[in-house]
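The values are calculated or read from the model by the stated rules, or taken from the named source; none is laboratory data. Keep in mind it's a predicted model, so treat the numbers as computed, not measured. Cβ: placed from backbone, ideal geometry, glycine included. Neighbour counts: every protein chain shown.
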């Protein structure tokens, strides 16, 4: 078997011990290009190069193997490090392993040096591969978060565009139709025609209300009044629509929130209440909003049948996943607690710091007052 070629850095003040280490490495099948140093300054300079293995005596005049180990680990280099000493206590050996040493050997047992070196190098390669895999996974997760944020922003922009078309085209046409029908009603003399016109006006009014509801669902203009009034309105509307007892509580009359956070919070409550009405089989639900410790939290609790682990693990169960992804766009997270007596979902969003990275696609300037925002922003539109 051909010898393994390695670049070895050896911290050793004794030339004879250095030569002995070289011999034992060669006997163990390692053709070492070995370089000896004995000072911290030399170690600092040597760490600019690449090494396959670092061996260090424990007792070096004016220096120590533990100090050398700390220097190597502080450099960030993943290089196998083995202590080789004439004598070393158990406490020192344990401390060295805790500090990141791969192994420790006595100079009286150098026959184990080559196998220990090869084992340390293999373990180090595994560690490097794991670090690279972890880094790749972290980068992939970051890309997925950025993609989710981009998709959420794109969805909101598309919703706003559709809402604008509903307002301008559908709303305008319905208003014109109402005026024409009203004119016909005033000038018609046939009672049957007047009755049909009134029926047509009722139909147009229903379509008018539907267009307003669609616009609100696409881009809730009520958020202009603030998150608290918007959630209060949502809870009241939910109670009227479903017949469920709905309680709304807030710790503050208003919240000073970064741009984008109110929309994320509103959508979270909207989607959670929708899930309650569809799946929970509840008779009571509560919506609580609070701010403490620089974190905004919205808690939605119902007394329904709860969520089973199987429900959360369904391959095509995107409701809860969507809540998590929406929370992440604002640097937040969602906690779920569920049992047969009900379910609680909590959205938590930090209100300061770089993690609060979501920007409302239609309100990009966080410092711009509401009155100075884009006049085409559908949150500014009045009723049709």
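Residues that are under 37 Å from the mean Cα position of the chain (by Cα), in contact (Cβ under 8 Å) with a residue 40 or more places away in the chain and crowded, with 23+ Cβ neighbours inside 10 Å within segment 40-86 comprise just one, 80.
Restricting attention to segment 187-213, the residues being touching a helix residue (DSSP H, G or I) at 6+ places or on another chain (Cβ under 9 Å) and in a helix (DSSP H, G or I) number 12.
Can you say whether residue 105 is within 20 Å of residue 6 (Cβ to Cβ), touching a helix residue (DSSP H, G or I) at 6+ places or on another chain (Cβ under 9 Å) and in a strand (DSSP E or B), as far as the supplied structure shows? When the stated conditions are applied, residue 105 passes them.
Taking the criterion of being at pLDDT 80 or above and surrounded by 12 or more Cβ atoms within 10 Å (Cβ to Cβ), the only residue of segment 145-160 that qualifies is 158. The residue of segment 15-50 that is nearest to residue 105 (Cα to Cα), among those that are in a loop (DSSP other than H, G, I, E, B) and touching a helix residue (DSSP H, G or I) at 6+ places or on another chain (Cβ under 9 Å), is 28. Being part of a helix (DSSP H, G or I), touching a residue at least 60 places away in the same chain (Cβ under 8 Å) and under 30 Å from residue 268 (Cβ atoms) is a description that does not apply to residue 216. The residues of segment 237-292 that are assigned to a loop (DSSP other than H, G, I, E, B) and within 24 Å of residue 156 (Cβ to Cβ), listed by number, are 254, 255, 256, 257, 258, 259, 260.
Out of segment 110-140, which residues are without any contact (Cβ under 8 Å) to a residue 24 or more places away in the chain and surrounded by 11 or more Cβ atoms within 10 Å (Cβ to Cβ)?
112, 119, 122, 125, listed by residue number.
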